[in-house]
1. For the stretch 481-526: of the residues being more than 50 Å from the chain's Cα centre (by Cα) and acidic (D, E), which is surrounded by the most Cβ atoms within 10 Å (Cβ to Cβ)?
2. Residues of the stretch 27-53 being open to solvent by less than 60 Å² (accessible area, probe 1.4 Å), over 15 Å from I115 (Cα atoms) and in a helix (DSSP H, G or I), which ones?
3. Consider only pairs whose beta carbons are under 6 Å apart and that are at least six residues apart or on different chains; among these, list those whose first residue lies in the stretch 520-531 and is closer than 18 Å to F419 by Cβ and whose second residue is surrounded by 10 or more Cβ atoms within 10 Å (Cβ to Cβ) and of a type outside the set (S, T, N, Q).
4. For the stretch 100-124, which residues satisfy the criterion of being open to solvent by 10 Å² or more (accessible area, probe 1.4 Å) and in contact (Cβ under 8 Å) with a residue 60 or more places away in the chain?
5. Among M175, M184, which is of a type in the set (A, V, I, L, M, F, W, C), farther than 30 Å from R116 by Cα, in contact with a Pro (Cβ under 7 Å, 6 or more places away or on another chain) and not in a helix (DSSP H, G or I)?
6. Tell me, which residue of the stretch 202-241 that is assigned to a loop (DSSP other than H, G, I, E, B) and closer than 17 Å to M175 by Cβ is modelled with the lowest pLDDT?
7. For the stretch 552-609, enumerate the residues that are under 21 Å from G456 (Cβ atoms), exposed (fewer than 15 other Cβ atoms within 10 Å of the Cβ) and touching a Lys or Arg at 6+ places or on another chain (Cβ under 8 Å).
8. For the stretch 134-149, enumerate the residues that are open to solvent by 10 Å² or more (accessible area, probe 1.4 Å) and not in a helix (DSSP H, G or I).
Amino acid sequence: MNQCEQDSLVLIHEQDSSYSRDLARLIKNEFNEISNTKDSVTTFAYFRGLDGKIPDIKDNDKEPARNEKKEISGLLAQMDDAPPEHAEGRNQFDYLHRLTDVIEKLDVDSDSHRIRAIGIIGNDVYDKLIILRALRERFRDKFFFTTDLDARYLHADQNKWSRNLVVASSFDFTMNEGLQSSTMPFRASYQTSTFFATLLAIQDSEKSGASDQVLEEKLNKWLRPQIFEIGNTEAIHLASLSTHCLNGKIKDEKTNNCIEKAQNAFNENLLSTKGNDSFDVLTYESIEPSRTPKISSIKIIVIINLFILVLGIFCYCHLSNLSTTCQQSNNSIILCIKKIPFSVWITLGVFIFLIQYWMVKDNFPTHYNGEPLSWSEGISVWPNFLIRFFGILLVAILAILIFQKILERIKQREKDKDFSEEFKEIWDEYTNSVGLNKETLPRIIFLTMTGLMLSGVVFIFYPLNFPARGYISANLHDILRFSQFFAIWFLIFWVYHEIKSCICFVNKLDKQRQCIFSSKFLEEKENEYGIPKTDLDSYLRFKLIVDVSESINSLIYLPFIMIFVVTIGRSTYFDALGLPLSLIVVFVFEVLLLSWMVYRLRYSANSVRGAMIISGVWKEKRAV
């Protein structure tokens, strides 16, 4: 609730019914009180029948003549075929078009209170769907909510704008298994409530010995608001507080305890009514259907641990090779398996354990708190978490492998290349500057933190939307968001450092007019290639430049892989995420920065190659 002080709300309610007017007024007053402001809620009213359809009149004396009826039908068909923005006729589509512009202007002009959610309150489901259709395309980063669960939200032709709609409803499509019995699931919560009222009406209160006071206590215990979110194929039950938690003003520090008590109470009630198939309503402690997770937590934990085990074995083998390479190389590398503190591995293991624990806790069947786990309903951020987490692990493993190749290349060059005494200093300077050592690592980390601050500035002006449905998922998102952007910026500036060292080496190599290889080495290559020593220098220089640049070719792909992983994780298939403008701006800037680095390296290499070609042509002319 402390975030409400920074958010604002838009309520669009039906003007025709006192229910909608009173509920909108109540929500506005409560939200303003929570946010300690008087202007955090903006309300708009509409009249029922936005589509302009006339209800059928069944009275014979009021039924129009046949010709008049045909004329009205033709007029309605013409209005249906007309563009929605036409300001004429019975339909109110043009009002919604102007309303969208007004809400967008409010969102842009409000510096301190950006619109966080848009509520739709009314009795007509079709009116709600029309409003959703008009607003959803322009406000994909906003939360939409309404009241009263209805199966028409799940229609395939409405899914484009009804998915991720949050619905507050007192009833589900079904009731407790004993009360529902063989009755099929209902179409709407109103039908469920009617069914429940009928059960209460036929209840023999004298036989059950229940007084009015007992019935009132039971109703207060049974009836509680439930929160649903419309998925691709069904309405998913979300975290819903009991009436005990909702009575009075609930503050943040009390909410968690309240949720925990309510969850334990619900579990006891569910166990006490299990297997009860009696139609004596008063014997039931809960009228809600049993809640089961969409995906078994045990299966998810087994799959994750098997994947981590395979990665662990793979990393151990390559890290052992990296440790041996570090010891044999003269480079002052600090990224060595024996130099990584044991506490780092403990921290990583604890973090992996916490992710699994939080996933199981969030996937609790009753969903009194937390995030549901679903792969295909489009209402869960856990697929996003798993994709980002394993993406970071994958990039870290690839970075270690590439780093190992860099060390092996340096060792191989020192073994194979036999440079002249004048050029050995330049080569030693280059080998000491590549990789991650005590001098370059702090510099790369400093540049990485600078990149993180620049990204933070962009996200302040254009917030990065993330539909977290609980404090666990919200906190875990903050951790992964920092980790992913730290990894991206770190890789970018690592690439920048490697390219800068390579360019510096290439430029110094270009300035060396004398032969950089020893006579003994040139003789060996002359016998190997059959080329005179006088012509080998330019060829071996070019080959050395290619060899030096090969270590960067693999490294430069890592930032793009990390960006790709983040983009896949934010797919709308998993949840209402997408790519907001702020993320696009940051990614475009990072891609342009990488492209500029590659261009500099390519330009430097082409310059040296051109100089070598000119030098070779000049030697041929001189020989002629």
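1. E526
2. I27 - this is the single residue of the stretch 27-53 that is open to solvent by less than 60 Å² (accessible area, probe 1.4 Å), over 15 Å from I115 (Cα atoms) and in a helix (DSSP H, G or I).
3. Between residues of the stretch 520-531 that are closer than 18 Å to F419 by Cβ and residues that are surrounded by 10 or more Cβ atoms within 10 Å (Cβ to Cβ) and of a type outside the set (S, T, N, Q), the close pairs are F521/D418; L522/K533; L522/L536; K525/L536; E526/K533.
4. Quick first cut of the stretch 100-124, residues open to solvent by 10 Å² or more (accessible area, probe 1.4 Å) only: 101-102, 104-117, 123-124.
Passing the criteria: L106, S110, S112, H113, R114, I115, R116, A117, N123, D124.
5. It is M175.
6. So the residue we want is S240.
7. Matches in the stretch 552-609: G578, L579.
8. Residues of the stretch 134-149 that are open to solvent by 10 Å² or more (accessible area, probe 1.4 Å), as a first pass: 134, 136-138, 140-143, 145, 147-148.
Listed by number, the residues that qualify are R136, E137, R138, R140, D141, K142, F143, F145, T147, D148.
The values are calculated or read from the model by the stated rules, or taken from the named source; none is laboratory data. Computed from a predicted structure; not experimentally measured. Reconstructed Cβ throughout: ideal geometry from the backbone, glycine too, with neighbour counts over all protein chains shown. Keep in mind that these areas ignore ligands, DNA and RNA; they rest on the heavy atoms of the full protein, side chains included. Shrake-Rupley method; radii C 1.70, N 1.55, O 1.52, S 1.80 Å.
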